[in-house]
C-alpha cells in the first residue's frame, strides 16, 4: 500500500506561479525556492521586472484568523515606520487562496546578516526591538498562542514520549532528564514571578534579521506569539556568561529608550532556551512526514542525535540553577 502524498506535493512550480497570477501580479516565470521548511517560500519575478516573495502557509497549522492576526501585527508596526516586512495588500486582502493553498505576497527585502561583534549593532537592535515591544504591549493577541512552559515544554515532551521517537536504550535516560529540565524551567518561572506577556516576534534569531546601511529589517513573523519580552532578546546573546552580559548591556542600552524592561525576566533566559531546544526536537518529529525534513535533517532520530540532546539538557539543568544575568 502506497503512503499518501504530503499536501505540499501538489504545490508544483506551475501552481505557485498561477497563484501569484491570481492576485493580479503577473509572474514572468522566474521562480527560486528560498530556505524555509515550516512553509514553502519562493522568490518570484513579476512582469515589471521586480521580485516578490510568496509564502505558502503549511496546511493545517494556523487558522485563517491567526494568520490574519500576524498580518495585522506587522501592518501595525509598519504604519509606525518600524522596519518589518509586512504582506502586500492585493485586491483588498493580504491572505489569498489558490488550489487549496493559503498564501501571502511580500515585497522582497535585501540585506545581510547582522554583525553583532561590530560596535553599536546590538544597541541598534535593542532600540528597534524596544519599538516593536512598545507596540506589542498596546493590545493582546486573540488568535495566536502563547509561548510558555506548557506549549513549548510539556506538550513537546509528551508528543515525543507518546510517539516512541527515542531508541529504547536511551528512552529512560532522556525521560528522566527532560522531566528534570522542565522542573528546573518551572522553578525559573517561579523565581521570575508574574511577568507581563506581550505580542512578540517570537523567533527573533539573527537569521530573521536583514541588515542594511539603514539598520535592521525584521522578517518572518510566522511564529509571533504572546510571551515575555525577553524571548525576543535572549537569542541575540551568545558565548560565555561574561560575553552574554556585555551583549545584554548593549541591547538594553537601546531597548530602554523605547520600552521598560523588567529585570525579573532574566530568570527566564535559560528556561526559554531549554524550552526552545525541547520544542525544536518535537517540531522535527511532528514534520517527519514531510519529505523535505528527512532530506534536510538526516541526523534527526539517530542514536547520536538523542545522546547529544540528553547531554544538552543536562547542561541546561546546570545553567538554570545559576544566578541570572543582570540588567
Next item on the list: For the chain, with a Gaussian network of springs between Cα atoms less than 10 Å apart, report the residue from 207, 130, 24 with the top mean-square fluctuation.
Entry: 24
Note to self: If the elastic network links every pair of Cα atoms under 10 Å, which of 76, 242, 38 fluctuates the most in the Gaussian network model of the chain?
What the structure shows: 242
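Please tell me the relative contact order of the chain in percent, rounded to the nearest whole number, where contacts are Cα pairs under 8 Å and at least six residues apart. Numbers along the way, then the final one.
Working: 479 pairs, mean separation 62.6, N = 327.
It comes to 19 percent, rounded to a whole number.
Which whole-number percentage describes the relative contact order of region 183-327, with Cα contacts under 8 Å and a sequence gap of 6 or more? Walk me through the intermediate numbers first.
Working: 138 pairs, mean separation 43.1, N = 145.
Relative CO of region 183-327 lands at 30 percent.
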Next item on the list: Would you calculate, for the chain, the mean residue ellipticity at 222 nm contributed by helices, counting each DSSP H stretch of 4 or more residues as -39,500 (n - 2.57) and dividing by all residues, to the nearest 500?
Entry: -13000 deg cm²/dmol
Notebook entry, point to check: What list do you get for 178, 67, 132, 82 if you sort them by fewest beta carbons within 10 Å?
Noted result: 82, 67, 178, 132
Margin query: Translational diffusion coefficient of region 173-257 at 20 °C, 1.002 mPa s, Stokes-Einstein with Kirkwood Rh over Cα pairs, in µm²/s as a whole number.
Written below: 141
Margin query: Given contacts defined as C-alpha pairs under 8 Å and at least six residues apart, what's the relative contact order of region 68-227, whole-number percent?
Written below: 32
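With a/c under 1.5 counting as rounded, go ahead and sort region 7-107 into rounded, prolate or oblate using the C-alpha gyration tensor (a ≥ b ≥ c being the square roots of the eigenvalues; past the cut-off, prolate if a/b is larger than b/c, else oblate). Walk me through the numbers on the way to the answer.
On the way: a/c = 1.69, a/b = 1.20, b/c = 1.41.
It comes out oblate by the Cα gyration axes.
No value in this document is a laboratory result; all are computed from the given coordinates. Because the structure is a prediction, the values reported are computed rather than measured. Every residue, glycine among them, receives a Cβ derived from its backbone with ideal geometry; neighbour counts consider all protein chains shown.
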